[in-house]
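In what follows, a structure is listed as structure tokens, so that the remarks can point back to it.
The values are calculated or read from the model by the stated rules, or taken from the named source; none is laboratory data. Model, not experiment: these values are computed from the prediction. No Cβ is skipped: glycine too gets one built from the backbone with ideal geometry, and neighbour counts run over all protein chains shown.
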Amino acid sequence: MEKPDEPQNQRTMAHMNTDLKALLVHQLAKLYYAENQLVRALKMMSNAATEPALKAAFLAHRVETKGHVDRIAATFPELNENVQAHTCQAIEGLLENGKWMIHTMKPGATLDIALIGAAQQVELFELASYRNVIGLAKQLRSEKVAELCEGILYEELEADSKLTEIARDLGQENSISLALENVEPSGS
């Protein structure tokens, strides 16, 4: 039963914080699932790539991604929750696209370019997801959760930059990051 002397806006804020926390936990559970799937996918992508720098980048990011799994797992106790994973349909679709490329395209430069594009699509998904959970964590004053996710965000930005560099070296001027370099936001 509600306390008669409790102001309405305090009750509303408490409910909103409960909802925001549930949303944050759900998003973290989806990221935990996604990062676990990516550990497997990056191995497969490295095996399919022919360009040595791309193979190495996929393997290096795989090691980082294992660390992401551990750091996301560390966020749950900070929120007084058990570690959990929720199926993420977005990552499933992106990874299915990469598998299709690997199984239908011949090894070589074209497949390498396709793998870079697929990997950058995953990076964009991760960047948006981590920015979202960081914002939620900060709103809830869960500074440790925000800090853990910010570290991952910076590593994802670096991975995307590395993929862009490899795309340039392969003469590919159509990678996502290269295409966005000359785009200005509307209204500016």
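Test of understanding: among ALA57, ALA34, which residue is buried (at least 18 other Cβ atoms within 10 Å of the Cβ) and in contact with a Lys or Arg (Cβ under 7 Å, 6 or more places away or on another chain)?
On the way: ALA34 fails: in contact with a Lys or Arg (Cβ under 7 Å, 6 or more places away or on another chain).
It is ALA57.
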Taking the stretch 57-86 and the residues there that are in contact with a helix residue (DSSP H, G or I) (Cβ under 7 Å, 6 or more places away or on another chain) and not in a helix (DSSP H, G or I), the one that is nearest to TYR32 (Cα to Cα) would be ALA85
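With respect to ASP19, is the statement that it is over 20 Å from the mean Cα position of the chain (by Cα), acidic (Asp, Glu), assigned to a helix (DSSP H, G or I) and modelled with pLDDT under 95 true? Working first, answer last.
Numbers: over 20 Å from the mean Cα position of the chain (by Cα): yes; acidic (Asp, Glu): yes; assigned to a helix (DSSP H, G or I): yes; modelled with pLDDT under 95: yes.
Judged against the criteria, ASP19 is a match.
Going by the conditions given, is LEU54 farther than 14 Å from LEU95 by Cα and either in a helix (DSSP H, G or I) or without any contact (Cβ under 8 Å) to a residue 24 or more places away in the chain (or both)? Talk me through it step by step, then tell me what you get.
Values: farther than 14 Å from LEU95 by Cα: yes; either in a helix (DSSP H, G or I) or without any contact (Cβ under 8 Å) to a residue 24 or more places away in the chain (or both): yes.
Here the answer is yes, as LEU54 does meet what is asked.
For the structure I just gave you, tell me whether LEU178 is aliphatic (A, V, I, L, M), modelled with pLDDT of 95 or more and either surrounded by 12 or more Cβ atoms within 10 Å (Cβ to Cβ) or on the phi < 0 side of the Ramachandran plot (or both).
Values: aliphatic (A, V, I, L, M): yes; modelled with pLDDT of 95 or more: no; either surrounded by 12 or more Cβ atoms within 10 Å (Cβ to Cβ) or on the phi < 0 side of the Ramachandran plot (or both): yes.
For LEU178, the condition - aliphatic (A, V, I, L, M), modelled with pLDDT of 95 or more and either surrounded by 12 or more Cβ atoms within 10 Å (Cβ to Cβ) or on the phi < 0 side of the Ramachandran plot (or both) - is not met.
Which count do you get for residues in the stretch 87-100 that are crowded, with 18+ Cβ neighbours inside 10 Å and assigned to a helix (DSSP H, G or I)? Give the steps one after another, and end with the answer.
Step one: filter the stretch 87-100 for residues crowded, with 18+ Cβ neighbours inside 10 Å, giving 88, 91, 94-95, 98.
Applying the additional criterion that residues be assigned to a helix (DSSP H, G or I) yields 91, 94-95, 98.
Looking only at that region, the number is 4.
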Going through the stretch 107-157 in order, the residues found to be assigned to a helix (DSSP H, G or I) and charged (D, E, K, R) are ASP112, GLU123, GLU126, ARG131, LYS138, GLU143, LYS144, GLU147, GLU150, GLU155, GLU156
Those residues of the stretch 37-51 which are without any contact (Cβ under 8 Å) to a residue 40 or more places away in the chain and surrounded by fewer than 19 Cβ atoms within 10 Å (Cβ to Cβ) amount to VAL39, ARG40, LYS43, SER46, ASN47
Within the stretch 44-61, residues within 17 Å of THR164 (Cα to Cα) and not aliphatic (A, V, I, L, M) come out as SER46, THR50, GLU51, PRO52, LYS55, PHE58, HIS61
Within the stretch 124-149, the residues that are charged (D, E, K, R) and over 18 Å from ILE91 (Cα atoms) are LYS138, ARG141, GLU143, LYS144, GLU147
VAL83 fails exactly one of (1) more than 20 Å from VAL133 (Cβ to Cβ); (2) surrounded by fewer than 17 Cβ atoms within 10 Å (Cβ to Cβ), namely (1)
If you go through LEU136, LEU148, LEU111, LEU157, the only one that is modelled with pLDDT under 95, of a type outside the set (Val, Ile, Thr) and farther than 15 Å from LEU38 by Cβ is LEU111
